[in-house]
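Input: a single structure, listed below in structure tokens.
The values are calculated or read from the model by the stated rules, or taken from the named source; none is laboratory data. Worth saying up front: this structure is predicted, and the values here are computed from it rather than measured. Here the Cβ is made from the backbone with ideal geometry for all residues, glycine too, and neighbour counts use every protein chain on show.
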Ligand SMILES: *Cc1c(COP(=O)(O)O)cnc(C)c1O
């Protein structure tokens, strides 16, 4: 029995989701004639109180499209040094948009209004790239599933308005943050110019992301998605999974968070563990004592068929998800507890 804690993207559709996919009404979405894609887009736009939404094959394409719509070549965006848009999108910011990233060292992937203010280039000083966009990530991936205090986001919005900067949210795991905080989806919709959300992470869909924005923004995004090769035909089969997931599987993610907390508690008690990033949602990032052999640890876990990710520089990552069962969880907890390194 393979126990896969590599990522929350490893899930397969549940029986109910497969049923919903099979029963989907479909059409050609490139002609905007897929009723299920249209329904998903309307549903997510309404949920976040934003004017429009568009279905994408991946979160990367949704983010890259947003960045392309917000910027012109030569301009600069500001993000945390752990940001997915900077680290894990294949250099797309420069490849697709000709834009550079001004990096900030935040707290678990979260940056503050003050830190942003310090790196906004003065517009009149034409030697420097024009700062155009701020990208936040919530929850943070490489930062370990941390979420923002919404008051900080409000401050960042005020700053962006003052300097006429766009504000984009990479909300791949915004669903996780929404379960742990009191803010409503509309609070995010009112604050950001654009938001991307993943259906293929904790929600458990096989494929898909949604990009949200104003009517005009999504109209521009439609052209960019076409250029990027992201126009899909009978995508309603995939959109049906998204609708099903939001209605029936979102709340289940609380169990992922609970399991992550329990993993962290066991790790705290293990004498071979050096550091664990505070666990806020479904991601656990930790490192071993220098005296403990990391390869040995990975190998012993593999012998129990437990798989997780090495992020480099001694950081290890486990991600909980809906296909990580209670039985598997017990195996992992006891293996960690018994381990001698
Ligand atoms: C997963 C993820 C994405 C999108 O990834 P895709 O694999 O392209 O869907 C974007 N941002 C963050 C923070 C992510 O974790």
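Looking across region 301-324 at every residue that is in contact with a strand residue (DSSP E or B) (Cβ under 9 Å, 6 or more places away or on another chain) and farther than 17 Å from residue 264 by Cβ, the one that is surrounded by the fewest Cβ atoms within 10 Å (Cβ to Cβ) is identified as 313.
Selection of region 99-145 for residues being within 21 Å of the chain's Cα centre (by Cα) and in contact (Cβ under 8 Å) with a residue 60 or more places away in the chain yields 108, 133, 135, 139, 140, 141, 142, 143, 144, 145.
For first residues located in region 173-199 and under 23 Å from residue 255 (Cβ atoms) and touching a residue at least 60 places away in the same chain (Cβ under 8 Å), partners that are in a helix (DSSP H, G or I) and within 12 Å of the ligand (Cβ to nearest atom) and lie 6+ apart or on another chain with Cβ distances below 6 Å form the pairs 197/174; 198/59. Checking the stated criteria, residue 85 turns out not to satisfy the condition of being under 25 Å from residue 308 (Cα atoms), touching a strand residue (DSSP E or B) at 6+ places or on another chain (Cβ under 6 Å) and part of a loop (DSSP other than H, G, I, E, B).
Once region 51-73 is narrowed to residues that are over 12 Å from residue 210 (Cα atoms) and either out of contact with any helix residue (DSSP H, G or I) (no Cβ under 7 Å at 6 or more places or on another chain) or not in a helix (DSSP H, G or I) (or both), the residue that is nearest to the ligand (Cβ to nearest atom) is 70. Any chance region 17-37 includes a residue that's at pLDDT 95 or above and part of a strand (DSSP E or B)? No, the conditions are met nowhere in region 17-37. Restricting attention to region 291-341, the residues being over 20 Å from residue 274 (Cα atoms) and in a loop (DSSP other than H, G, I, E, B) number 8.
Of everything listed in (1) within 15 Å of the ligand (Cβ to nearest atom); (2) farther than 23 Å from residue 218 by Cα, the single unmet condition for residue 138 is (2).
Among the residues of region 192-238, which ones are away from the ligand (no atom under 15 Å from the Cβ) and either under 18 Å from the mean Cα position of the chain (by Cα) or modelled with pLDDT under 95 (or both)? Once the filter is applied, which keeps residues that are away from the ligand (no atom under 15 Å from the Cβ) and either under 18 Å from the mean Cα position of the chain (by Cα) or modelled with pLDDT under 95 (or both), region 192-238 yields 193, 213.
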